[in-house]
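The values are calculated or read from the model by the stated rules, or taken from the named source; none is laboratory data. Since this is a predicted model, take the numbers as computed values, not measurements. FYI the Cβ positions are ideal-geometry reconstructions off the backbone, even for glycines, and counts take in every protein chain you see.
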Amino acid sequence: MVASNDEIRFLIVDDDDVCQLLLDRALKDLGARVPVITAVDGIEGLEVLRQVSGGGDASFPVIVLLDLRMPRMNGLEFLEVVRADPKLRGTTVFVLSTSSQRHDVEAAHSLGVAGYLVKPDDYEDFKDIIAMLSHYRRQIVLPSPRSDSPTRLLQSSGK
């Protein structure tokens, strides 16, 4: 089953309240009506993803915006767990981090992120990133998490 783009939500996994507020503000300024779920660390993010992939009323496709520097479980540890779990491994994840260190970028890409974005200092640049992600969300086709397929692979809509 293919999900409607209206069902696709952002899951932001980041312990920085300011980043979450900027995301909400940018979406509002852009007029984008994208449901956003937040998790303060990798452990909470995994709980949300497992609930989403489990079916039932909580099922909906997500695009994860992941910070790397968090307490309890950092972003790379989160990615390792997601990619090792057959029910989660197809999850679309973008890193959105303050780190531009080469080893972080390479580690994230080796774990199959859709993209690595460095959080800018300027709000207008941040808004441009969110606009790109919002556009991405409108253009892609994601299988529904209710699908019986063990992996949910991102497919281009060809538009």
Lone unmet requirement of (1) surrounded by fewer than 19 Cβ atoms within 10 Å (Cβ to Cβ); (2) modelled with pLDDT under 90; (3) under 12 Å from the mean Cα position of the chain (by Cα) for Ala32: (3)
Positions within the range 62-93 being crowded, with 21+ Cβ neighbours inside 10 Å, without any contact (Cβ under 8 Å) to a residue 40 or more places away in the chain and in contact with a Gly (Cβ under 8 Å, 6 or more places away or on another chain), in sequence order: Leu79, Val93
Yes/no for Val82 being closer than 27 Å to Leu142 by Cα and assigned to a strand (DSSP E or B): no
Top-ranked residue of the range 5-39 - restricted to ones that are acidic (Asp, Glu) and touching a residue at least 24 places away in the same chain (Cβ under 8 Å), ranked as nearest to Phe78 (Cα to Cα): Asp14
